[in-house]
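To start, the structure itself, in structure tokens.
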Amino acid sequence: MPELEADPTNPDSEGAADLGPTGSGAAAAATATPVAPGPVVAEPASLTEPAQVPGVGSVDAAPEGGEPAPLPAPVPGTARIVPLDVLRGFAVLGIFLMNVQAFSMPFAAYSNPTLWGSLEGAHGWVWVLSHVFAEQKFMTIFSLLFGAGVVLFTERVAARGRPTAALHYRRSLGLIAIGLAHAYLLWFGDILVTYGICALWLYFLRRVRPSRLAITGVVLMLVPMALTLAIHFMLPSMPAEMRQGMEAMWNPPAEQLQAETDAYRGGWLEQMEARLPAALMLQTMALVWMVIWRAGGLMLLGMALFKWGVLSGERSARFYDRMALTGLALGLPLVVYGLWVHLSTDFDVETAFATSLFNYAGSVPVALGYIGLVIGAVVRRPAADGWLSRALAATGRMALTNYLLQTVLATSLFYGHGLGLFGELDRVEQMAVVLAVWVLQLAWSPWWLARYRFGPAEWLWRTMTYLRPQPMRRRAEVATDPAGQRSA
């Protein structure tokens, strides 16, 4: 299914958690000091970390004989965890590699590429490479980050002596509200609703030891594998009507594909005929069957990794190198083997369900390998202190905005209320769209954050969390680079 991870999410900059599996934000370019290698003062992870800062925002009743205590407010951008921002930016760009397929082609073609477009030559290689290196990998990173954000956000609020539950649940419900609007008004493939729902129960596990969080997370991720294997073994003996329904989901008739194409090439109201049932299916049947188990399990694992200091860049460069090598060495062979089975069976429904589990399982170590590469090579090493790392950090600080912006841009390009190119671009041309959006977001995020404290969506989310409008413009006397470091 589409990966939105997206988290998207990223409760970050200037304070709150934004989006990411976690949360995310957006950024700016200004002359600034390079990002220093190594962990930075803890800050909220987008989609996960709003906290309180003395002197920021309103005040409530003063303690006896003391000054008024500040109300909860977002953490300043100068106190951000740079590795989380860079990783978030990397993830939000990566998920668009897969989501572009769901934006531009019938939904069923996302899982079964033989349904739409050519797989010959370069088109086939685009699908193979995106399947091996992107499908479910970036959504996995997003989900891990979201879990980390829950821990970071609640710890920061608690450190100020404030109750955490009200802020956390306002934040979670706000994310669900944004996700519902996204799914039913723009694009069915939303992931924010899933993250918000998971956050409702993740709160109760925030103080559990990391080893137990990791084990519980792995167990939860095994549930969809067991259910999928059960379907695989039951398929030959299923009643004919049920079997035909499963086959129709995997290989829908041409009329159904054309009806979906016509709907998305039509106006906004006409699109509802395809968007509403798809969104409802993903937020009910797919959510219960697979998504909530995997997303919730990954978030628990992300909570554990954050508590172990892995996601915040507190380990050595050698640790991240080994993490990258081990993750890729374990995960890529599983993914490639599943790909080989798919191709050798011509994506036959008899084997498709079980074969998909190779990528399902392999995507987790591959994602961990990517985390090792990004945190180890891009953030912790001085050689990475450059435009790219700062641009990624800025993109990650506005991950929620950038995730939603990808939807706005893609639907304007492919749907009938815009250029109406749904079903028109081949896989190679879709990659050109991806590159154009990457360039745009890497350029505009630093530009925006040089002028404003949050991305537009992050501002809305934080305002919903703290129940008061957050200051948007930066004060002229303080400039920061996209990673949240002060510049002279």
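When every alpha-carbon pair in region 130-259 is counted, what percent end up more than 17 Å apart? Each step should come with its number before you reach the end.
Values: 6110 of 8385 pairs.
Summing the P(r) of region 130-259 above 17 Å gives 73 percent of all pairs.
Using a basic spin-label model with each label point 7 Å from the Cα along Cα→Cβ, how many nm lie between Trp340 and Asn251?
If labels sit at Trp340 and Asn251, their model points lie 2.4 nm apart.
Whole-Hz ³J(HN,Hα) for each residue in region 389-396, computed from phi via Karplus 6.51 cos²θ - 1.76 cosθ + 1.60 with θ = phi - 60°, x for glycine and proline: what do you get?
Per residue, the Karplus-derived 3J(HN,Hα) values read 5, 5, 5, 5, 4, 5, 4, x Hz.
Provide the per-residue ³J(HN,Hα) series for region 243-248, in order, calculated from phi with Karplus coefficients 6.51, -1.76, 1.60 and θ = phi - 60°, each as a whole number of Hz, with x at glycine and proline positions.
Each residue of region 243-248 in turn: 5, 5, x, 5, 5, 5 Hz.
Could you provide, to the nearest whole Å², the per residue accessible area of region 274-322 with probe 1.4 Å?
Working: 1950 Å² over 49 residues.
With the other protein chains kept in place, region 274-322 gives 40 Å² per residue.
At a 1.4 Å probe, what is the % contribution of carbon and sulfur to the accessible area of region 310-404?
C and S fraction of accessible area: 68 percent.
Skipping prolines and chain starts, which residues have an amide H placed within reach, meaning under 5 Å, of the one on Tyr452, given they are 5 or more residues away or on another chain?
Arg474
Is region 280-343 rounded, prolate or oblate when judged by the Cα gyration tensor, a ≥ b ≥ c being the square roots of its eigenvalues, rounded requiring a/c under 1.5 and prolate requiring a/b larger than b/c? The partial results should precede the final answer.
Values: a/c = 4.48, a/b = 1.29, b/c = 3.47.
Judged from the Cα gyration tensor, region 280-343 comes out oblate (a/c at least 1.5, b/c at or above a/b).
Shape verdict for region 144-215, please, from the Cα gyration tensor: rounded (a/c under 1.5), prolate (a/b greater than b/c) or oblate.
Values: a/c = 3.04, a/b = 1.61, b/c = 1.89.
It is oblate, given that a/c is not under 1.5 and a/b is not larger than b/c.
With θ set to phi - 60°, apply the Karplus curve 6.51 cos²θ - 1.76 cosθ + 1.60 along region 450-467 and write out the HN-Hα couplings as whole Hz, x wherever there is a Gly or Pro.
Result, ordered by residue: 6, 10, 10, 6, 9, x, x, 5, 5, 4, 4, 5, 5, 5, 5, 6, 9, 6 Hz.
Under a 1.4 Å probe, what is the accessible area of region 349-462 per residue, stated in Å²?
Numbers: 3750 Å² over 114 residues.
That works out to 33 Å² for each residue.
If Lys and Arg each add +1 and Asp and Glu each add -1, what is the summed charge of the other residues whose beta carbon sits under 14 Å from the beta carbon of Gly416? Display every interim value, and only then the final one.
On the way: positive: Arg265, Arg275; negative: Glu260, Asp262, Glu270, Glu273, Glu424.
In short, -3.
Need the C-alpha centroid separation for region 444-462 versus region 252-272, integer Å.
Cα centroid to Cα centroid, the span is 35 Å.
Would you pull out the residues with amide H under 5 Å of Gly416's amide H, same chain only if 5 or more places away, H placed 1.01 Å from N?
Those qualifying (amide H under 5 Å, at least 5 residues apart or on another chain) are Arg265, Gly266.
Among Ala240, Gln271, Thr284, which residue has its Cα furthest toward the positive end of the charge dipole of region 236-313, with +1 on Lys/Arg Cβ and -1 on Asp/Glu Cβ?
Comparing the listed Cα positions along the dipole, Thr284 ranks first.
For region 75-227, build the charge dipole from Cβ charges (+1 Lys, Arg; -1 Asp, Glu) around the Cα centre, then report which of Leu202, Phe146, Phe133 sits farthest towards its positive end.
Leu202
Among Phe306, Phe358, Phe233, what's the order by accessible area (1.4 angstrom probe), most exposed first?
Final ranking, largest accessible area leading: Phe233, Phe358, Phe306.
Under a crude label model (7 Å from the Cα following the beta-carbon direction), how far is Met472 from Ala259 in nanometres?
Between Met472 and Ala259, the label points sit 4.3 nm apart.
Largest first, how would Glu260, Glu120, Glu429, Glu247 line up by accessible area (1.4 Å probe)? Provide the component values of the computation, followed by the final result.
Details: Glu260 30, Glu120 135, Glu429 80, Glu247 60 Å².
Largest accessible area first, the residues go Glu120, Glu429, Glu247, Glu260.
What length, rounded to one decimal in nm, is gained on full extension from Glu350 through to Leu287, with 0.36 nm per residue of separation minus their alpha-carbon distance? If you can, show how the numbers build up before the last one.
Details: separation 63, 0.36 × 63 = 22.68 nm, distance 2.32 nm.
Contour length minus the Cα-Cα distance gives 20.4 nm.
For region 200-324, what class follows from the C-alpha gyration tensor (a ≥ b ≥ c being the square roots of its eigenvalues): rounded when a/c is under 1.5, otherwise prolate if a/b is larger than b/c, else oblate?
prolate
The values are calculated or read from the model by the stated rules, or taken from the named source; none is laboratory data. As the structure is a computational prediction, the values presented were derived from the model and not from experiment. A quick note on method: Cβ atoms are made from the backbone with ideal geometry, for glycine too, and the neighbour counts reach across all protein chains shown. Calculation scope for accessible area: heavy atoms of the full protein, side chains included, ligands and nucleic acids excluded. Shrake-Rupley method; radii C 1.70, N 1.55, O 1.52, S 1.80 Å.
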